[in-house]
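Worksheet for the structure shown next.
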Amino acid sequence: MKTLVKICLFLFGICSIQYVIAKVNMNEQKVQIVNQLKQQGILPNTTYYQLDYLPALDNEDSTPNENLYPSLSNLETIPDMYIMAIQSIAQVQLNENYQYSKVLRLNRNIIEIIYPTDSFQSLDDGVYFYTLDENKQLQQKDSFNEVYKLPCYLRVEKKHGIVVSIQKRGLASISRYIYDYWHNTNLKYLKIEKYDTEKNIIYDSEVFFDDKGEMVKAIRKNTKTGLYSIENIIHQGDIYSINEFFDNEGNITNRVTNYENTSRVKNEVLNKNGKVIKTNNSEPEIFDFDKDLDEPYPYNKLVMNVEKSNALLTDSMFEQGISDNPKYDEDALKRAEYLGITPNQVYYHKLPFPSFMAERYKNFPHQSPLTLIEAENQSPQEKYSDLIRIEMDNNYQYKKIDKTKWQQTAISLPSSQFKSLENGIHFFVINDKGQLTPLNNVEQAITQPTYVRVEKVMGKIVSTLQKTRVQWLTTEFDYKKNTPIRSKLTVIESHIVPKLVIESEYESGQYLPASQVIKNAQGNIIRTFKTVKKKNTIAILERFNEQGVKTNHIEISKQGDIENQYLDSKEHVRFTTSDIQDKEYPQLYDELPFNPDGFEIMLFDHFNK
């Protein structure tokens, strides 16, 4: 027993020493930071600016580790802002101990927009700031200082005489932080207020700490709805805190238990008498921190340049899927019109082509149309290159997408064959002996299974490519208003599968088809898939041989279980497995459903192995 006590005392001594060392190191680090701030001429109770400020929830972070700037000069052009597509600049004041005292943080989305460049042609190279009045007229400002606190502004950048960027930078959030400290400089109190663009408080939070700087209580309130919560940190057993939620009349609605060192929670839902009526594992939200502030008029009518904007912003639009969304539909229509795209137009598409629903909004285009000669040689250094022909529907969405994939090989041919050629691009077919026959134009070239492309610049041959078509698919879409409801994919050429037709139907908002049918070259149905609403079944998949005789009936349960029945010619069950793979005649297209772009990628990946 004495030995055990000695061991415990020894271990306690080690822990105490380690704690003291950590405390000393932290204090030394803070002293170094304060000395650096003093050397930089930073003064208490004076306003400075800081990039990417994060609230200090413990004593260690209460002294700024990031640079403080005396003015806004040059802060607006920091390149790192483009990584997250957010401009985050805070006004900072420090107390006498060089700890945060008051902070006002403004976060803005950085959104590239489609906007006429005519108004900026007379500008010299540089960065310029504008606002829009109620009549959508531009008002130029002298500096960033004039627009820093405005709900939204435009930023125009010009390089080498060309407008390279037009952005709208609207306020996504406005947050104020107020700190108070104990006499030992540990954090005592933190108040957080969130504002709308009219300077109204929409959320506030008060966090209380003990004299050791440990959080003990938090009161949070949505000032618009009146909902609020009171969290007490108790550290009892494996329980971290108890958080009680109240409605706008002060009635308790939920009691949430948060556990130590885990994201696990227990949410007890209470009735008006305070009795538990159900329990779940999700904590209620009194405020939506993911929702940005609304953009004011007329900035909210400006259309995003999807091709140039950050993926963090465009993804939220793509995630809408094919569901109805009038705002995004309106923007997509404006974008297409601005790009010069018209209903029923036929044109060629830029690369890379945005994939279905993952990189485009519905089937609306967001890239400028190309001519055939522009599109034919977009990626000359790649082993494979796509050529994509588009037919537009009346609703400004893709009616038909024609995709051919070409293998490109640089070849060497006797230069004597090209002496008489003028500068420019020329097309030929080549026979087995390497002899060339000229083609009239690029339109004629792409109808060939193989052709040669020769480019001559200033009397010299700079490129000789042999291009061979390795895959050819078309996809046609039908719509109900602006929503894609059906697609028909046809495999015209492939080294992997024979000619196939894949017909799909979609439900609003769904990425994958709700039903799918595959037909072979003879028009026989060889695969089907459909979602169902049976008691425990979510989907049924059936397989047929090339003659259209059913070979498999597969049901997929809500739990993901598989029942795969193998049938004879009279549709009697021969045997059953729990594997969706076909054990007898496996095919690449067995595991339905897939969207059109997904099937195309799968097909090419198998070819390219």
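The values are calculated or read from the model by the stated rules, or taken from the named source; none is laboratory data. If you're wondering where the values come from, they're calculated on a predicted model, not measured in any experiment. Glycine also receives a Cβ, built like all others from the backbone with ideal geometry; neighbour counts cover every protein chain displayed. Side chains are part of the model used for accessible areas, which takes the heavy atoms of the whole protein and leaves out ligands, DNA and RNA. Shrake-Rupley method; radii C 1.70, N 1.55, O 1.52, S 1.80 Å.
Things worth noting here:
- Its alpha carbons considered, the stretch 120-237 gives a radius of gyration followed by a Dmax of 22.0, 70 Å.
- Nonlocal Lys pairs with alpha-carbon distance under 22 Å, the stretch 61-158 (8 or more apart, or different chains): 5
- Think of the chain as having a plus end and a minus end, set by charges on the Cβ of Lys, Arg, Asp and Glu; of VAL31, PHE418, MET304, PHE418 sits farthest toward the positive end of this dipole.
- With viscosity 0.692 mPa s and temperature 37 °C, the Kirkwood radius over alpha carbon pairs of the stretch 132-188 converts through Stokes-Einstein to a diffusion coefficient of 219 µm²/s.
- Inter-probe distance in nm under a simple model that places probes 7 Å from Cα toward Cβ, at GLU422 and LEU312: 5.2 nm
- Where the stretch 393-500 is the region considered: accessible area per residue in Å², 1.4 Å probe: 53 Å²
- Lysines whose Cα lies under 16 Å from that of LYS570, excluding same-chain neighbours fewer than 8 positions away: LYS550
- Bridging of LYS308 to aspartates and glutamates at a Cα separation below 15 Å is possible for GLU112, GLU157, GLU359, once same-chain residues fewer than 8 apart are set aside.
- Cα gyration tensor, the stretch 519-600 - rounded (a/c under 1.5), prolate or oblate: oblate
- Alpha carbon centroid spacing (whole Å) that separates the stretch 335-376 from the stretch 39-80: 44 Å
- DSSP-loop trypsin sites (Lys or Arg not before Pro) across the stretch 437-518, with at most 16 other Cβ within 10 angstrom: LYS481, LYS499
- Portion, in percent, of the accessible area of the chain that falls on carbon or sulfur, probe 1.4 Å: 49 percent
- Overall, the chain carries a charge dipole of about 640 debye about its Cα centre when +1 sits on the Cβ of Lys and Arg and -1 on the Cβ of Asp and Glu, all other atoms neutral.
- Expected-Rg normalisation [2.2 N^0.38 Å, Cα atoms] applied to the stretch 483-535: 1.28
- Formal net charge of residues neighbouring VAL256 (Cβ-Cβ distance under 9 Å; K, R +1; D, E -1): -2
- Residue ranges 103-112, 326-335 sort as 103-112, 326-335 when ordered by packing (mean number of other C-beta atoms within 10 Å per residue, highest first).
- For the peptides 278-285, 149-156, the ranking by packing is 149-156, 278-285, with the highest mean count of neighbouring Cβ atoms within 10 Å listed first.
- Think of the chain as having a plus end and a minus end, set by charges on the Cβ of Lys, Arg, Asp and Glu; of SER323, MET84, ILE485, ILE485 sits farthest toward the positive end of this dipole.
- Per residue, the stretch 510-567 exposes an accessible area of 51 Å² to a 1.4 Å probe, with every protein chain left in place.
- Debye equation applied to the C-alpha atoms of the stretch 252-363, log10 I(q)/I(0) at 0.14, 0.16, 0.18 Å⁻¹: -0.77, -0.87, -0.98
- For the stretch 360-428, the set of chymotrypsin sites (Phe, Trp or Tyr not before Pro) satisfying both a DSSP loop assignment and a count of at most 16 other C-beta atoms within 10 Å is empty.
- Scoring 238-244, 94-100 by mean Cβ neighbours within 10 Å over their residues and listing the highest first yields 94-100, 238-244.
- Stokes-Einstein D (µm²/s) once Rh is taken as the Kirkwood radius of the chain over alpha-carbon pairs, at 37 °C in 0.692 mPa s: 107 µm²/s
- For the chain, with +1 on Lys and Arg beta carbons and -1 on Asp and Glu, the positive-most of ILE178, ASN45, ASN344 along the dipole: ASN344
- Set of lysines with alpha-carbon distance to LYS480 below 23 Å, sequence-local pairs under 8 removed: LYS327, LYS334, LYS362, LYS399, LYS400, LYS488, LYS530
- Whole-Hz ³J(HN,Hα) from phi, Karplus 6.51 cos²θ - 1.76 cosθ + 1.60, for the stretch 343-359, glycine and proline x: x, 6, 6, 10, 7, 10, 9, 5, 10, x, 7, x, 6, 4, 6, 7, 9
- Separation of the stretch 411-482 from the stretch 173-201 is 66 Å, based on Cα centroids.
- For the pair ASP211 and GLU546, a Förster radius of 56 Å applied to the C-beta separation gives a FRET efficiency near 0.10, rounded to the nearest 0.05.
- Length gained on full extension, ASN45 to TYR259, computed as 0.36 nm times the residue gap minus the Cα-Cα distance: 73.1 nm.
- Mean-position separation - Cα centroids, the stretch 255-334 and the stretch 552-609, in angstrom: 36 Å
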